[in-house]
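**Q** What follows is a structure written as structure tokens; I'll ask about it next.
The values are calculated or read from the model by the stated rules, or taken from the named source; none is laboratory data. Since this is a predicted model, take the numbers as computed values, not measurements. Note that each Cβ is placed from the backbone with ideal geometry, even for glycine, and that neighbours are counted across all protein chains shown.
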Amino acid sequence: MMSGTKKYLSLLLFSAIAGVMNMQAADGENDRPLYKDNSQPIELRVNDLMRRMTLREKVLQLQNNSTNNPDAMESTYKGESTGTAHEMSKSAAEAAVIFDRMHHYMADNTRLGIPVLTSVEGIHGVLQNGCTIFPQAIAQGSTFNPDLIRRMTTAIGKEARVIGIHQLLSPVLDIARELRWGRVEETFGEDPYLISQMGIAFVNGAQSQGVGCMPKHFVAHGTPTGGLNCAFVAGGEREMRNLYMYPFAKVIKEADPIAIMSCYSAYDGVPVSGSSYYMTDLLRGELGFKGFVYSDWGSVDRLRVFHFSARTPEEAARRSLMAGIDMDVWDSAYSTLEDQVEKGIVDESYVDRACRRILTAKFRLGLFDDPFGQPDQVDKVVRNKEHVALAKEIADESIVLLDNKNGILPLDPKKYKSIALLGPNSNYGVPGDYAWVDFDHHECVTLFDGLKNLVGKDIEVRQLDGCDWWSQNDTDIAKAAELAAQSDIAIVAVGTRSIWLGRDAKSKKVTSGEGFDLSSLDLPGKQLDLLKAVKATGKPMIVVLITGKPLVMTWAQENADAVVLQFYGGEQQGNAMADVLFGNVNPSGRLNVSFPRSTGNTPCFYNYYPTDREQIYDKGGSYDEPSGHYIFEKPYALWPFGHGLSYTDFKYDNMQLNDSIFSPDNEIKIKLTVKNTGKRAGKDVVQVYVRDNFSSVNTPIQQLKAFKKINLEPGQEKEVGFSIPVDELALYNERLQRIVEPGEFEIQVGAASDDIKFRRTIHVK
């Protein structure tokens, strides 16, 4: 009889032999490899696949290789699988055919059958012609309704899946504080908490459909020096954590995105895409990110040609890979890695690390089991009635009523027989950047179209541009003024233009978007002259601002009868604005980014430090009464964060807190009642801000920590509740330790950052 020890050792030996035999059997031609068995844990599948891969196969997973020709699979890929691919020049139906061929090719014509991760821009819809064009990100933010954004990306995810796309290069978590920057339109606004809530909703919606998301641009990309895209970003470690990292931290923790995109820029002099501190220590260490990192397009080789911190493509590739950039897109720097490993310049473990992360993402998305789209379903899913209706709903809720003198809005159709519709944005669809459209083919409903759809033959709508978006040609301004004089009321649609990833400002007539930064925030071209000419006619004038960023609208605020803001509203923009102007929809958008009084008034974000506006010994003045600091004006926003009017009125009452003394592990519970005291149904956005009254380091005058959008019928009252972890009151102290300091905090509840209804002081022990 065998002893217990000998029996145990025999069992171990038997298990080991059996394991080897099973592994050998798995390698047999007639047996399915473990990595193809979807019943196995992802980690085991990745391990099994990695041990089968050559160095070249691993390096190819770290790169992008694309074709827009469905018949060019063999000539493009030559029997090899690549990490990712994209196609952005075809219609949804055409792209579906290309991706279907691509997925079949990878499954049937490559040694290991590793699927390709098909990617597309998706800030406000799948970037394939013919897909639903939802409102731009800046408009999504002004809804203050994360649930709408989750529903939007659920729809975007469905459109992506039938086309055969598995990853959206979105959302943008950059912060809109530098308003001259052309890409303000791609952000959710100026506030890190609002951005985080929109980002979480965005990722959750898309990933519920098996489409991965890629928040970008990590990190601190959105406040470039001079507003120039990709320029140096200045700041310190505390600002990095308090401001720029906050949305990423929240989205990573609560939504678990598949990937993160790095940025082009340098922060405090350090090129981010070549920094292990930013891409590994902060992103993975502090924030706990588990996915893979995708380079912004060409950002790896930009270490060489842009930042001049690498001498060769090889050095750029080596630095980025070791820093934590897993996939290099657009440039060819990572094609040098195979040779560098073979020569002993780069340790293969870095290639393995990156490859493992990318393969893990592909397994998470189910690509090894079913990478295919449904080309025969494209016409049924893409841009279907439900998605178009949702685009309209988001556009409705994004519109912000900025000013409404004497209640001129909503317009009473019985009072007007003719409308002069003027301005460069009056009869053009402006979808915003990252929307592939046939230039000027009216994929978007224009304001002219929307008004005609609404009023029909009851009111004559007379349209004339009067001027364009940018030129100094004022020839038609007199004609526009004459048309206004002959009409009962004038609606003047001014602003900026952004469309189609244009790279030629003049031919595309764009004044906003990636690469189109402004030195001045005044209305471009002769648009202000147009407004003044129309005002001089004495006819009522409604200014409709269609834009991707705040502009200086001080004159309009002082002189127009009403000012209505529409951040790029997607394909239903004209119908949405018409419904708001005539009261079919009560405006419920709120400013997610503050409007400056002048270009020199920037930055003008609401959550400034106590030292950063007026001081006790000098007040802002005017040209008649100059004073300090800005001797001709006050250093505050014209319209601040959270601002937005309604066609009804809301009364806040009976605010209560669950306690007045809290510990760091407690939750602050707030409740109040909100009543619609007007005669129209409407939606209100209740906003909760917090101020740290006394702190060891400077903290903002107020910070948004909760908000809720509610719908109320006339006379209806609702109780609104919030729960805020005390941990949200934390700061980074002098030693960059994140702590909740004991002391006094003020809880502010109101309808905007400058319209606080209740203030309560609490104590944290």
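**Q** Residue check: is K532 farther than 24 Å from Q136 by Cβ, part of a loop (DSSP other than H, G, I, E, B) and over 24 Å from the mean Cα position of the chain (by Cα)?
**A** The answer is no for K532.
This table checks each residue for (1) of a type in the set (S, T, N, Q); (2) under 19 Å from K250 (Cβ atoms).
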| position | (1), (2) |
| --- | --- |
| G721 | no, no |
| R738 | no, yes |
| P742 | no, no |
| G750 | no, no |
| T761 | yes, no |
| V764 | no, no |
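**Q** Please specify each residue of the stretch 396-414 satisfying the condition of being part of a helix (DSSP H, G or I) and farther than 15 Å from L451 by Cβ.
**A** Result: D396, E397, S398, K405, N406, G407, K414.
**Q** Which of the residues spanning the stretch 144-185 are in contact with a strand residue (DSSP E or B) (Cβ under 8 Å, 6 or more places away or on another chain) and under 19 Å from S520 (Cα atoms)?
**A** Within the stretch 144-185, R183, E185 meet the criteria.
**Q** Starting from the stretch 409-438, keep only residues that are in the same structural domain as G450 (by TED's automatic domain parsing) and modelled with pLDDT of 95 or more, then list their pairs with residues that are basic (K, R) and outside any loop (DSSP other than H, G, I, E, B) whose Cβ atoms are within a distance under 8 Å, requiring at least 6 positions of separation or different chains.
**A** Pairs found: S418/R462; I419/R462; A420/R462; L421/R462.
**Q** Moving on to the next point. When you scan the stretch 191-211, do you find a residue that is under 21 Å from V445 (Cβ atoms), crowded, with 24+ Cβ neighbours inside 10 Å and in the same structural domain as Y267 (by TED's automatic domain parsing), even just one?
**A** So far as the stretch 191-211 goes, no, none of its residues is under 21 Å from V445 (Cβ atoms), crowded, with 24+ Cβ neighbours inside 10 Å and in the same structural domain as Y267 (by TED's automatic domain parsing).
**Q** Oh, and also: Is it fair to say T673 is surrounded by fewer than 16 Cβ atoms within 10 Å (Cβ to Cβ) and modelled with pLDDT of 90 or more?
**A** Spelling it out, T673 is indeed surrounded by fewer than 16 Cβ atoms within 10 Å (Cβ to Cβ) and modelled with pLDDT of 90 or more.
**Q** Continuing with the same structure: From the list T547, T475, which one is surrounded by 18 or more Cβ atoms within 10 Å (Cβ to Cβ) and not hydrophobic (A, V, I, L, M, F, W, C)?
**A** After applying the criteria, what remains is T547.
**Q** If you don't mind, another one. Which one is surrounded by the fewest Cβ atoms within 10 Å (Cβ to Cβ), of the residues in the stretch 99-113 that are part of a helix (DSSP H, G or I) and free of Cβ contacts under 8 Å to residues at least 60 places away in the same chain?
**A** Here the residue is D108.
**Q** Further question on the same structure: Evaluate the following for R759: is it charged (D, E, K, R), over 26 Å from M198 (Cα atoms), out of contact with any Gly (no Cβ under 6 Å at 6 or more places or on another chain) and in the same structural domain as K679 (by TED's automatic domain parsing)?
**A** Criteria met by R759.
**Q** Which is surrounded by fewer than 19 Cβ atoms within 10 Å (Cβ to Cβ) and closer than 28 Å to I724 by Cα, of N592, N666?
**A** Exactly one of N592, N666 is surrounded by fewer than 19 Cβ atoms within 10 Å (Cβ to Cβ) and closer than 28 Å to I724 by Cα, namely N666.
**Q** Could you say whether any residue in the stretch 444-457 is surrounded by 23 or more Cβ atoms within 10 Å (Cβ to Cβ), in a helix (DSSP H, G or I), among the aliphatic types (A, V, I, L, M) and in contact with a helix residue (DSSP H, G or I) (Cβ under 7 Å, 6 or more places away or on another chain)?
**A** Yes: one or more hits.
**Q** Determine whether V351 is of a type in the set (A, V, I, L, M, F, W, C) and either within 27 Å of E314 (Cβ to Cβ) or at pLDDT below 95 (or both).
**A** yes
**Q** I'm checking my understanding of the structure. Among residues of the stretch 552-574 that are out of contact with any strand residue (DSSP E or B) (no Cβ under 7 Å at 6 or more places or on another chain) and buried (at least 24 other Cβ atoms within 10 Å of the Cβ), which one is nearest to V455 (Cα to Cα)?
**A** Ranking the candidates gives G574 first.
**Q** Identify, by number, the condition in (1) outside any loop (DSSP other than H, G, I, E, B); (2) in contact (Cβ under 8 Å) with a residue 60 or more places away in the chain; (3) of a type in the set (A, V, I, L, M, F, W, C) that V690 doesn't meet.
**A** Among (1) outside any loop (DSSP other than H, G, I, E, B); (2) in contact (Cβ under 8 Å) with a residue 60 or more places away in the chain; (3) of a type in the set (A, V, I, L, M, F, W, C), the lone unmet condition for V690 is (2).
**Q** Right, another one. Quick one: what pairs do we get from the stretch 114-128, first residue over 14 Å from A95 (Cβ atoms), second of a type in the set (K, R), C-beta under 7 Å, 6+ apart or different chains?
**A** That search, which allows pairs on different chains as well, returns P115/K362; L117/K362.
**Q** Check whether at least one residue in the stretch 140-162 is among the aliphatic types (A, V, I, L, M) and assigned to a strand (DSSP E or B), and report yes or no.
**A** No, the stretch 140-162 has no match at all.
**Q** Can I ask one more? Could you tell me which residue of the stretch 415-437 is surrounded by the most Cβ atoms within 10 Å (Cβ to Cβ), considering only residues that are assigned to a loop (DSSP other than H, G, I, E, B) and more than 23 Å from the chain's Cα centre (by Cα)?
**A** By that ranking, first place goes to G423.
**Q** Kindly check whether there is at least one residue in the stretch 729-737 that is surrounded by fewer than 15 Cβ atoms within 10 Å (Cβ to Cβ) and in contact (Cβ under 8 Å) with a residue 60 or more places away in the chain.
**A** yes
**Q** Hey, among S89, S75, which residue is at pLDDT below 95 and either part of a helix (DSSP H, G or I) or surrounded by fewer than 16 Cβ atoms within 10 Å (Cβ to Cβ) (or both)?
**A** S89
**Q** What do you reckon, is A96 crowded, with 18+ Cβ neighbours inside 10 Å, assigned to a helix (DSSP H, G or I), under 29 Å from the mean Cα position of the chain (by Cα) and at pLDDT 95 or above?
**A** Judged against the criteria, A96 is a match.
**Q** Being more than 22 Å from G600 (Cα to Cα) and in contact with a Gly (Cβ under 7 Å, 6 or more places away or on another chain): is that true of I260 here?
**A** yes
**Q** Anything in the stretch 625-638 that is farther than 17 Å from W555 by Cβ and at pLDDT 75 or above? List them, or say none.
**A** Once the filter is applied, which keeps residues that are farther than 17 Å from W555 by Cβ and at pLDDT 75 or above, the stretch 625-638 yields E625, P626, S627, Y630, I631, P635, Y636.
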